[in-house]
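J.: The structure under discussion is supplied below as structure tokens; questions concerning it will follow.
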Amino acid sequence: MYFNSVEFYTILLVIAFALLGVIFVPKNKQPVSTKIVPMRLTPESHSNGESSHITLTALPGGSALLAHPGLPLHMGETVNLVVHKSGDTLKIIERKGVSVPAASLNSQGEALLTMLQPRTYSLRFDSEVTGQWATTQFCNVEGNVKTIPLSY
């Protein structure tokens, strides 16, 4: 008799709407901070032109050094990293800068990422210079070095 009453179904409907509200409430997203970091480029005389990995080295104080060997550049070109950080998620996009016509050369690019804290980050790296990408976890604890293979 109780299961056929209007009050029972009204209470059941209120509980269902409350559960839907809990399930579909927007997650509390942390704000995204963006920083542009210029890469220091040095010519590589021994490189074979392959840019198949990046290396992240955790430094004291939470900073990290990102190295990308074998960048196919021309004289006068620059490379910048656009770093988007939200909580423990990093998205790094490698972009070419100024370009003037000149001979090709392979370069090693290095950038110091000072906006990090000592913690584990989920990392996505996209290179618009080489067309390669990678995803990984990086534990930014002093002395940790990680070589990350890049994919096409």
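J.: Rolling a 1.4 Å sphere over the protein heavy atoms, what is the accessible area per residue of region 32-149, to the nearest Å²? Could the numbers behind the result be given before it?
T.: Details: 5810 Å² over 118 residues.
For region 32-149, the per-residue accessible area is 49 Å².
J.: Calculated FRET efficiency, Ser122 and Lys96, Cβ-Cβ r, R0 30 Å, to nearest 0.05? Can you show the working numbers first?
T.: Working: r = 26 Å, r/R0 = 0.86.
Working from the Cβ atoms, E equals 0.70.
J.: Residue separation times 0.36 nm, minus the C-alpha to C-alpha distance between Thr34 and His74: what's the value?
T.: Values: separation 40, 0.36 × 40 = 14.40 nm, distance 2.72 nm.
Once the chain is fully extended between Thr34 and His74, it gains 11.7 nm.
J.: Multiplying the sequence separation of Ser5 and Leu112 by 0.36 nm and subtracting their Cα-Cα distance, what value in nm do you get? Please report the intermediate quantities before stating the final value.
T.: Numbers: separation 107, 0.36 × 107 = 38.52 nm, distance 6.80 nm.
Computed gain between Ser5 and Leu112 is 31.7 nm.
J.: Would you check the accessible area of Val22, probe 1.4 Å, heavy atoms only, in square angstrom rounded to 10?
T.: 110 Å²
J.: With each pseudo-label sitting 7 Å past Cα toward Cβ, what's the Cys139-Ile23 distance in nm, one decimal?
T.: So the label points at Cys139 and Ile23 sit 3.7 nm apart.
J.: Let me ask something additional. Once neighbouring chains are kept in place and the probe is 1.4 Å, which whole percent of the accessible area of the chain is contributed by carbon and sulfur? Provide the component values of the computation, followed by the final result.
T.: Values: 5900 of 9340 Å².
Result for the chain: 63 percent of the exposed heavy-atom area is carbon or sulfur.
J.: Mind ranking Val79, Val98 by accessible surface for me, highest first, 1.4 Å probe?
T.: Numbers: Val79 0, Val98 95 Å².
So the residues, ranked largest to smallest area, are Val98, Val79.
J.: Can you sort Tyr9, Tyr152 by 1.4 Å-probe accessible area, starting with the largest?
T.: Output order, biggest surface exposure first: Tyr152, Tyr9.
J.: Same structure, new question: Once both axes come from the Cα atoms, what is the angle between helix 6-23 and the longest principal axis of the chain, in degrees from 0 to 90, rounded to 10?
T.: Taking the Cα atoms of the chain, the angle to 6-23 is about 10 degrees.
J.: In whole Å, what is the distance between the alpha-carbon centres of region 70-92 and region 1-22?
T.: 54 Å
J.: How large is the convex hull of the Cα atoms of region 32-149 per residue, expressed in Å³ as a whole number?
T.: Values: hull volume 10.7 nm³, N = 118.
Considering the Cα atoms of region 32-149, their hull volume per residue is 91 Å³.
J.: Given contacts defined as C-alpha pairs under 8 Å and at least six residues apart, what's the relative contact order of the chain, whole-number percent?
T.: Details: 334 pairs, mean separation 39.8, N = 152.
Answer for the chain is 26 percent.
The values are calculated or read from the model by the stated rules, or taken from the named source; none is laboratory data. In this text, all values refer to a predicted model and were calculated from it rather than measured experimentally. So basically every Cβ, Gly included, is an ideal-geometry build from the backbone, and we count neighbours across all protein chains shown. These area figures cover heavy atoms from the full protein model, side chains too; ligands, DNA and RNA do not enter into them. Shrake-Rupley method; radii C 1.70, N 1.55, O 1.52, S 1.80 Å.
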